[in-house]
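The values are calculated or read from the model by the stated rules, or taken from the named source; none is laboratory data. These figures come from a predicted structure and were not determined experimentally. When we count neighbours, we look across all protein chains shown, and the Cβ atoms used for this are built from the backbone with ideal geometry, even at glycine. Surface accessibility is based on the protein's heavy atoms, side chains included, excluding ligands, DNA and RNA. Shrake-Rupley method; radii C 1.70, N 1.55, O 1.52, S 1.80 Å.
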Amino acid sequence: MSHDAKTNIKVIFALFMVHFSGDLYMSFIRPLLPVFAEKYNLNLTNIGFITGVSTLLAFIIQPTVGYLADRYRTRFFMLGGPLLSALFVPLAGWMPTYFLLLIFIALGSVGQSMFHPQAAGMVTAYAGRHAGFSMSIFGLGGMAAFAVGPMAATMVVSGYGLHNLAWTSLFGVAVFVLLW
């Protein structure tokens, strides 16, 4: 295997990890809605607002972020986004009010939107002749996160309490440090 091929495999794996860590924390929100409802005494409108804000911010600002990532070539968008999600979503349960919970979920959602455009663009840049396979590996990172994340979040919260979900941030921080 050539040096370029080894480098490309490492980059595709790194992009898999960025996608996994970025989407992992966003997958925590929906299964924890009953816990948030109980802690903050929320009604269905409040719950709907949480899911609406998180989904809207995770996707609607991606074109703007993509434009900025093209204009200002930096790792900040690709690595900083998952870091924001890793820090803000697990700490949301520490917030004393519904409004602060919503702010933390919103900031985590913005973080999720930050890495998708730049990381997806990098997949094709490093894929060579294997664009389809490489994009599927990148996509697998997100899907794996949405499969594992709800189970991990509910196991931590049901076993150790909502405040201990913050410990899951260590994984996202470790990925950030490793890939920076």
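I'd like to know if region 18-37 contains one or more residues that are open to solvent by 80 Å² or more (accessible area, probe 1.4 Å), under 14 Å from His116 (Cβ atoms) and in a helix (DSSP H, G or I). No; the residues of region 18-37 include none that is open to solvent by 80 Å² or more (accessible area, probe 1.4 Å), under 14 Å from His116 (Cβ atoms) and in a helix (DSSP H, G or I). Applying a threshold of 8 Å to beta carbon distances and a minimum spacing of six or more residues, or different chains, the list of pairs starting in region 113-129 at a residue that is over 18 Å from Ser21 (Cβ atoms) and open to solvent by less than 40 Å² (accessible area, probe 1.4 Å) and ending at one that is of a type in the set (Ser, Thr, Tyr) and assigned to a helix (DSSP H, G or I) reads Ala127/Ser134.
There is no residue in region 60-72 that is within 20 Å of Ser169 (Cβ to Cβ) and part of a helix (DSSP H, G or I). Total residues in region 128-151 satisfying the condition of being within 14 Å of Pro31 (Cα to Cα) and either touching a Phe, Trp or Tyr at 6+ places or on another chain (Cβ under 8 Å) or acidic (Asp, Glu) (or both): the figure is 3.
Could you list all residues from region 38-59 that are surrounded by 13 or more Cβ atoms within 10 Å (Cβ to Cβ) and either over 23 Å from Gly141 (Cβ atoms) or in contact with a Phe, Trp or Tyr (Cβ under 8 Å, 6 or more places away or on another chain) (or both)? Once the filter is applied, which keeps residues that are surrounded by 13 or more Cβ atoms within 10 Å (Cβ to Cβ) and either over 23 Å from Gly141 (Cβ atoms) or in contact with a Phe, Trp or Tyr (Cβ under 8 Å, 6 or more places away or on another chain) (or both), region 38-59 yields Lys39, Tyr40, Leu42, Asn46, Ile47, Phe49, Ile50, Val53. Residues in region 60-82 that are aliphatic (A, V, I, L, M) and open to solvent by 40 Å² or more (accessible area, probe 1.4 Å) were compared, and the one that is farthest from Glu38 (Cα to Cα) is Leu68.
Does Phe171 fit the bill of being free of Cβ contacts under 8 Å to residues at least 40 places away in the same chain, open to solvent by 60 Å² or more (accessible area, probe 1.4 Å) and of a type in the set (Phe, Trp, Tyr)?
no
For Ala106, indicate whether it is at pLDDT 95 or above and either out of contact with any Ser or Thr (no Cβ under 8 Å at 6 or more places or on another chain) or closer than 14 Å to Phe88 by Cα (or both). So Ala106 fits the description; yes. Of the residues in region 88-100, at least one is open to solvent by 20 Å² or more (accessible area, probe 1.4 Å), in a loop (DSSP other than H, G, I, E, B) and under 24 Å from Phe176 (Cβ atoms).
Annotation note: of Phe133, Phe146, Phe138, the sole residue that is in contact with a Ser or Thr (Cβ under 6 Å, 6 or more places away or on another chain) and either open to solvent by 60 Å² or more (accessible area, probe 1.4 Å) or closer than 21 Å to Phe76 by Cα (or both) is Phe146.
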